[in-house]
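Enquirer: Sharing a structure here in structure tokens format.
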């Protein structure tokens, strides 16, 4: 692999990981998609970082389930949809008066919620 591409993948994976960690504490930032991006980038660029992510006590099992089987645990689905609904719902009610922004937020929430809900459970 080209050295430039390898470092770019490592950088994108690292930024994505930091955003995923922020999502643990901030309900408006999704954790799982960012961690999956990190896993995909590190799988192609850094065996050491990828193995550390997969062996993480909290994040490893969920990433492994999704990458190997395409499954999401039921509790994770419920929490993801609930927190996303709370975050986007509060934004729609309290932080915007624009109908078009509200419609975009609603469409995003419905799309992501449908996708997460449609994944097989593990």
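Enquirer: For residue 18, which of the numbered conditions (1) more than 10 Å from the chain's Cα centre (by Cα); (2) more than 26 Å from residue 95 (Cβ to Cβ); (3) modelled with pLDDT of 90 or more fails to hold?
Expert: Condition not satisfied by residue 18: (2).
Enquirer: Of the conditions (1) more than 11 Å from the chain's Cα centre (by Cα); (2) within 30 Å of residue 4 (Cβ to Cβ); (3) modelled with pLDDT under 90, residue 31 fails just one. Which one is it?
Expert: (1)
Enquirer: What are the pairs with Cβ atoms under 6 angstrom where one residue, in the range 50-77, is surrounded by fewer than 19 Cβ atoms within 10 Å (Cβ to Cβ) and the other, located anywhere, is not in a helix (DSSP H, G or I)? Sequence gap at least six, or different chains.
Expert: Sorted first by the residue in the range 50-77, then by its partner, the pairs are 65/71; 65/122; 71/120; 71/122; 73/122; 74/121.
Enquirer: Kindly indicate whether residue 31 is touching a helix residue (DSSP H, G or I) at 6+ places or on another chain (Cβ under 7 Å) and either touching a residue at least 12 places away in the same chain (Cβ under 8 Å) or surrounded by 15 or more Cβ atoms within 10 Å (Cβ to Cβ) (or both).
Expert: In short, yes.
Enquirer: Can I ask one more? Being within 18 Å of residue 26 (Cβ to Cβ) and either in contact (Cβ under 8 Å) with a residue 60 or more places away in the chain or within 14 Å of the chain's Cα centre (by Cα) (or both) narrows it down to one residue among 84, 92; which is it?
Expert: Criteria check complete, one pass: 84.
Enquirer: For the range 5-26, name all the residues that are farther than 11 Å from residue 45 by Cβ and assigned to a helix (DSSP H, G or I).
Expert: Selection gives 15, 16, 17, 18, 19, 20, 21, 22, 23, 24, 25.
The values are calculated or read from the model by the stated rules, or taken from the named source; none is laboratory data. The model shown is predicted, which means the values in this text are computed figures rather than measured ones. For neighbour counting, all protein chains shown are included, and Cβ atoms are generated from backbone atoms with ideal geometry for every residue, glycine included.
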